[in-house]
């Protein structure tokens, strides 16, 4: 799996996010669809799952979500006509199998939610953006994954455990925690406790397991694609495998 292509639209009026400028697939929404679509198709024809990001759109962001939560001041019409355009077009091709949700707020959008403390809720943790917009309006029933939950937009506002529960509750299927093994375990404990207490239902977990299994069946692993990298890479892979096995052994739900 490759967490690509980026389908954020960064035209000549949207050049505020320096980290993204070198990663866009064109300077118009049409170019993004054509070039990112070709990239996605080629990836998947060769057995590599692609993942469109950063839903619903980071193109107009002025701050980096690695550092803090961007508040993207675009209108509902601009979000719909520009930022969501690549998602609609690429979903129509049947190639879009996975989406990565951005840690972004949209204060001028009617879908924007406020959390219990009165702060703007990131789209990655939002039922309105994941279940209502992505699943409902756009009709996407593939795999949804968060951007890295260790980014500043999340950890400066929420604990890893709370963020994991909120994301799963919003309709996210997989949680990206990219560095700290303690954060992996904290996230796992939070989800397990939430299921055991009834805060998250087994049905909600099963929905995600079905989507994950369907994606795996669509892209069976090829031996030629198995990693053969450094000893450090292999050691980290083994460590993650052991964590996965512990999670499976400790599951108390079907």
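The values are calculated or read from the model by the stated rules, or taken from the named source; none is laboratory data. Only a predicted model underlies this, so the values are computations on that prediction, with no experimental measurement involved. Methodologically, a virtual Cβ is constructed for each residue, glycine included, from the backbone with ideal geometry; neighbour enumeration extends over all protein chains shown.
See the values below:
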{"item": "Residue check, residue 2 buried (at least 17 other Cβ atoms within 10 Å of the Cβ) and at pLDDT 90 or above", "result": "no"}
{"item": "Scope region 178-213; condition touching a residue at least 40 places away in the same chain (Cβ under 8 Å), over 13 Å from residue 168 (Cβ atoms) and surrounded by fewer than 18 Cβ atoms within 10 Å (Cβ to Cβ); matching residues", "result": "181, 185, 196"}
{"item": "Scan of region 171-221 for residues that are in a loop (DSSP other than H, G, I, E, B) and closer than 13 Å to residue 149 by Cβ, ordered by number", "result": "172, 175, 176, 177, 178, 179, 180"}
{"item": "Candidate set from region 142-161 (those that are touching a helix residue (DSSP H, G or I) at 6+ places or on another chain (Cβ under 7 Å), free of Cβ contacts under 8 Å to residues at least 40 places away in the same chain and part of a helix (DSSP H, G or I)); member that is nearest to residue 188 (Cα to Cα)", "result": "161"}
{"item": "Qualifying residue in region 18-29 (condition: at pLDDT 95 or above, buried (at least 21 other Cβ atoms within 10 Å of the Cβ) and within 20 Å of the chain's Cα centre (by Cα))", "result": "no"}
{"item": "Residues located in region 109-133, provided they are in a helix (DSSP H, G or I) and either surrounded by fewer than 22 Cβ atoms within 10 Å (Cβ to Cβ) or touching a helix residue (DSSP H, G or I) at 6+ places or on another chain (Cβ under 8 Å) (or both)", "result": "123, 124, 125, 127, 128, 129, 130, 131, 132"}
